[in-house]
Amino acid sequence: MTAAHDAPDILSQEFADNPYPTYRALRESAPLAWHEATQSYLVSRYEDVARVFKDRESQFTTDNYAWQAEPVHGKTLLQMSGREHATRRALVAPAFRGNELREKVVPLIERNSRELIDAFRGVGSVDLVSGFASRFPISVIADMFGLDRSGQEHIGGWYRAFVAFIANLSGDPEYAAAGVRAQTEFAAYMLPIIRDRRKNLGDDLLSALCTAEVDGVSMSDEDIKAFCSLLLTAGAETTDKAVASLFSNLLAHPEQLEAIRQDRGLIDRAVAETLRYSPPVHMIMRQSATEVRTTGGTIPAGATVTCLIGAANRDPGRYRAPDRFDIFRDDLTTPTAFSAAADHLAFALGRHFCVGALLAKAEVEIAANQLLDAMPDLRPADGYDPAEQGVFTRGPKSLLVEFTPAAG
């Protein structure tokens, strides 16, 4: 039995406007489908996507990142396997958990969120996307690296070019060229900083990466530069869209927003449900190492497999009423939502589970609390339009809101 050859076009405008009917059709009728334009097999059911992510590279590898990401990042954790992956992950992981996260990073998150909010807390209105969400994670990451804030505008442009390159499913040559150009410019900016930081160590992430060593292995300048560009791409894009989608979902469900106003302890539930209901990343690719049987057919060896997270996270075989945003649902485990044991698939699973998941959790929860403090009567403004955009990554284009401005 082979896979179906009639997959709906995930590059169409109709799909970009609203992918969920297509996701439903794929899950129900073609859980394994060949998509000619991307030369990949689409996997859409929860059990199949989870299986691909959890595989320890006996059947599915991350070799696809050699062409999908290496041209803009260099070789990163994404495409490493075995001992190489374990060692490199051990080098960078400490900065994103435990005391390092609480003592060094959380204060940076709190300060950057507060500074962005200060610009509009006395105004009474803001676009939560352009005025906060799209700027917030870039400033946090730049501060984590100890970079001069004057470079943040350039960093934002490079990161968006990296995202566009990786998400360039249609093979647009302009996005491809812009991504490679951004890689060259980013390397010219970062490598001198990394070399200088080795001579003048500080209390920042770059310094920690310069001195990190595991089993006699340390990171070269190129390794550090590659990790920096990866963190910018994966960290900024996901947090940006998670913050915006969280508020879009809550504004669409005022009774749940009011529940959170009354009990801020529910924010973690709202974030977890947002990651399930409207994940920032809608698809992640893998490559089959062998011929693999899945629901609906067989994937040949050496094929690109597009895991549709946006479809899997709304699989009725896994979640009750999956198209309903519900922070009180009992089939999503909140305490594990930012770990490799997560129920949702927004951060993948297994050994390639997002290394920055706890950083994202801290960013989104701190931002949510500070925004609600500044805007206790937050409501949609004239021109409010929460329409989502994006195919590979997805989130609201804008969120115009108003509130009673702070006195003084």
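The values are calculated or read from the model by the stated rules, or taken from the named source; none is laboratory data. Quantities reported herein were computed from a predicted structural model and do not represent experimental measurements. Every residue, glycine among them, receives a Cβ derived from its backbone with ideal geometry; neighbour counts consider all protein chains shown. Just so you know, the surface numbers come from the protein's heavy atoms only, side chains and all, with ligands and any DNA or RNA stripped out. Shrake-Rupley method; radii C 1.70, N 1.55, O 1.52, S 1.80 Å.
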In the set Arg320, Arg314, Arg324, which member is touching an Asp or Glu at 6+ places or on another chain (Cβ under 7 Å), over 24 Å from Ser130 (Cβ atoms) and without any contact (Cβ under 8 Å) to a residue 60 or more places away in the chain?
Arg320
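Quick grid of which residues meet (1) modelled with pLDDT of 85 or more; (2) under 29 Å from Trp67 (Cα atoms); (3) surrounded by 20 or more Cβ atoms within 10 Å (Cβ to Cβ):
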{"residue": "Ile309", "(1), (2), (3)": "yes, yes, yes"}
{"residue": "Tyr319", "(1), (2), (3)": "yes, no, yes"}
{"residue": "Phe328", "(1), (2), (3)": "yes, no, no"}
{"residue": "Ala340", "(1), (2), (3)": "no, yes, no"}
{"residue": "Val355", "(1), (2), (3)": "no, yes, yes"}
{"residue": "Glu363", "(1), (2), (3)": "yes, no, yes"}
Out of (1) open to solvent by 40 Å² or more (accessible area, probe 1.4 Å); (2) among the aromatic types (Phe, Trp, Tyr); (3) more than 30 Å from Gln13 (Cβ to Cβ), the one Tyr175 does not meet is (3)
Among the numbered criteria (1) in contact with a His (Cβ under 6 Å, 6 or more places away or on another chain); (2) among the hydrophobic types (A, V, I, L, M, F, W, C); (3) part of a helix (DSSP H, G or I), which single criterion is violated by Ile109?
(1)
Suppose we keep only residues that are of a type outside the set (D, E, K, R) and open to solvent by less than 90 Å² (accessible area, probe 1.4 Å) within the range 201-210. Which one would you say is nearest to Leu108 (Cα to Cα)?
Leu205
So, in the range 43-85, exactly how many residues are within 18 Å of Ala342 (Cβ to Cβ) and part of a helix (DSSP H, G or I)?
9
Can you say whether Ser229 is out of contact with any strand residue (DSSP E or B) (no Cβ under 8 Å at 6 or more places or on another chain), touching a residue at least 60 places away in the same chain (Cβ under 8 Å) and open to solvent by less than 20 Å² (accessible area, probe 1.4 Å), as far as the supplied structure shows?
yes
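Yes/no per residue for (1) more than 24 Å from Val163 (Cα to Cα); (2) open to solvent by less than 50 Å² (accessible area, probe 1.4 Å); (3) among the aliphatic types (A, V, I, L, M); (4) not in a strand (DSSP E or B):
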| position | (1), (2), (3), (4) |
| --- | --- |
| Thr87 | yes, yes, no, yes |
| Glu100 | yes, no, no, yes |
| Lys104 | yes, no, no, yes |
| Ser139 | no, yes, no, yes |
Hey, among the residues in the range 112-131 that are assigned to a helix (DSSP H, G or I) and either at pLDDT below 95 or open to solvent by less than 70 Å² (accessible area, probe 1.4 Å) (or both), which one's farthest from Ala367 (Cα to Cα)?
Ser130
Residues that are closer than 13 Å to Arg394 by Cβ, at least 2 per element: which helices (runs of 4 or more DSSP H) completely within the range 215-285 meet that?
237-252, 267-277
Here the residues within the range 28-77 that are among the hydrophobic types (A, V, I, L, M, F, W, C) and closer than 23 Å to Arg276 by Cβ are Ala30, Leu32, Ala33, Leu42, Val43, Val49, Ala50, Val52, Phe53, Phe60
On the basis of being basic (Lys, Arg), surrounded by 24 or more Cβ atoms within 10 Å (Cβ to Cβ) and farther than 30 Å from Arg83 by Cβ, does Arg269 make the cut?
no
Would you be able to tell me the number of residues in the range 286-307 that are part of a loop (DSSP other than H, G, I, E, B) and open to solvent by less than 20 Å² (accessible area, probe 1.4 Å)?
1
Those residues of the range 208-218 which are within 13 Å of Pro94 (Cβ to Cβ) and either in contact with an Asp or Glu (Cβ under 7 Å, 6 or more places away or on another chain) or touching a residue at least 24 places away in the same chain (Cβ under 8 Å) (or both), in sequence order:
Ala208, Leu209, Ala212, Glu213, Val214
